[in-house]
Amino acid sequence: MNILLKSAKIIAPNSEYHQQIKDILIKDGIISKIDNSIATDKDTKVISYDNLHVSEGWFDSSVSLGEPGHEERETIENGLKTAGLSGFTGIAVNPNAYPIADTNADIGFLKAKASGNATNLYPIGALTIKSESVDLAELFDMKNAGAVAFGDYQQPISNPNLLKIALQYTQNFDGLVLSFPQENKIAGKGIVNEEANGTKLGLKGIPALAEELQIARDLFILEYSGGKLHIPTISTAKSVSLIKDAKAKGLDVTCSVAIHNLILTDDALIEFDTNYKVLPPLRTQKDTEVLIKALKEGIIDFVTSDHNPLDTELKKVEFDHAAYGTIGLESAFGALQTVVSTEKAIELLTSGKLRFGIPSEKIKVGSNANLTLFNPDETYTFENNHILSTSKNSAFLGENLKGKAYGILANNQLLVK
């Protein structure tokens, strides 16, 4: 298949073509020519969009899908299509379907089910059996089957010795350990941020201390044991300072933030809309300001949509009983660009690859075409018709966003709207 991207502005700081408008010719999945103007023939499909921009393919480090077990929420097929049309050429999929992905057979199933798609699926294996924080799962076997990291999605590692052993054991095969930042004994029965808004609404709070105490514990263990630790979806100002200090010590730690925790605050809870019930909870304006600053300074390493499709039965209930989670793939780029520049947004949407061991392809002649096509300047209000997921639980409905993905070109496939 031959494809010509016509008059595309390239956003790729590591490329000689950065910020230049070029034609890009792809033959059989390989970039064969980049020039000011490239002639075409009848065998070449020409792709031309308004204000077309191209970057290295985006990667999301935390995506949940329903399959297996909860296909009514989202199937692997539609989830990968949604990711691709949202600009992502690769997604790391959390082990929170049913059964929990805690064996090499589970990882093999996910890889086989996703094969042949434009978007690559990279499984995260459960760190502990059934994500129950009792016994380590088959980490090495899952690594050999294709797992890129190990963690229990939104389930903290309650036993500190288990985290120590995991960090020590995974050093034998360069494994990455994920530890969700919440101390459940502090969080208690809380469901929203412990601040004035939650109190006014009569909703039990999760104090910032629950996150910060867990992070402090994990960093002490990392300093003792060594290994590679990633802390997903931090949400408080103090968490930023703890991780900054750990990096200054030379600890091998990274962290991410969910885009909704950058944009939205607990002010959104006033209508008891369960789409705003997320974990970690939406925090204060001060927290979001610190998180954004930390992104710009490189303390927070990358962002995630933390996409978590949930069906109506799990969301259209009383706030106390609703499940945690929002979808986010479709709104990720448009929301992120409301707080950072286009170039910074692309950096944050691609830099997670290195940490998760995902191949990175430069935009140059001879490279595999792994590209995201987008328009960074289109402004719009995010509505139901923008949702591609099977589930519709978006916290960004009604929000003003900037920037849309047209789709991707990856694995010798063109997937565009």
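Observations on the model:
- Elements of the type strands (runs of 3 or more DSSP E) sitting completely within segment 10-95 and holding at least 1 residues that are in contact (Cβ under 8 Å) with a residue 40 or more places away in the chain and within 27 Å of the chain's Cα centre (by Cα): these cover 30-35, 53-56, 58-63, 88-93.
- Qualifying residue in segment 202-209 (condition: within 30 Å of HIS321 (Cα to Cα) and part of a helix (DSSP H, G or I)): yes
- Restricting segment 218-263 to residues that are open to solvent by less than 10 Å² (accessible area, probe 1.4 Å) and assigned to a loop (DSSP other than H, G, I, E, B) leaves a set whose member that is farthest from ASN393 (Cα to Cα) is THR236.
- Only one of PRO281, PRO309 that is assigned to a loop (DSSP other than H, G, I, E, B) and more than 16 Å from the chain's Cα centre (by Cα): PRO281
- In segment 14-59, residue modelled with the lowest pLDDT [restricted to those that are hydrophobic (A, V, I, L, M, F, W, C) and either touching a helix residue (DSSP H, G or I) at 6+ places or on another chain (Cβ under 6 Å) or open to solvent by 80 Å² or more (accessible area, probe 1.4 Å) (or both)]: ALA39
- Selection count, segment 287-306, where residues are closer than 23 Å to THR274 by Cβ and assigned to a loop (DSSP other than H, G, I, E, B): 2
- Residue ID - surrounded by the fewest Cβ atoms within 10 Å (Cβ to Cβ), chosen from residues in segment 118-158 that are in a loop (DSSP other than H, G, I, E, B) and hydrophobic (A, V, I, L, M, F, W, C): VAL134
- LEU348 meets all of the listed conditions (1) touching an Asp or Glu at 6+ places or on another chain (Cβ under 7 Å); (2) under 30 Å from ASP174 (Cα atoms); (3) open to solvent by less than 30 Å² (accessible area, probe 1.4 Å) but one, namely (1).
- Qualifying position, being open to solvent by less than 10 Å² (accessible area, probe 1.4 Å) and among the small types (Gly, Ala, Ser), among SER360, SER391: SER391
- Look at (1) open to solvent by 70 Å² or more (accessible area, probe 1.4 Å); (2) in contact with a Lys or Arg (Cβ under 7 Å, 6 or more places away or on another chain) and you find that ASN161 fails only one, number (2).
The values are calculated or read from the model by the stated rules, or taken from the named source; none is laboratory data. Since this is a predicted model, take the numbers as computed values, not measurements. Cβ sites come from the backbone with ideal geometry, for glycine too, and all protein chains shown count toward neighbours. We work out accessible area using only protein heavy atoms, side chains counted, and drop any ligands, DNA or RNA first. Shrake-Rupley method; radii C 1.70, N 1.55, O 1.52, S 1.80 Å.
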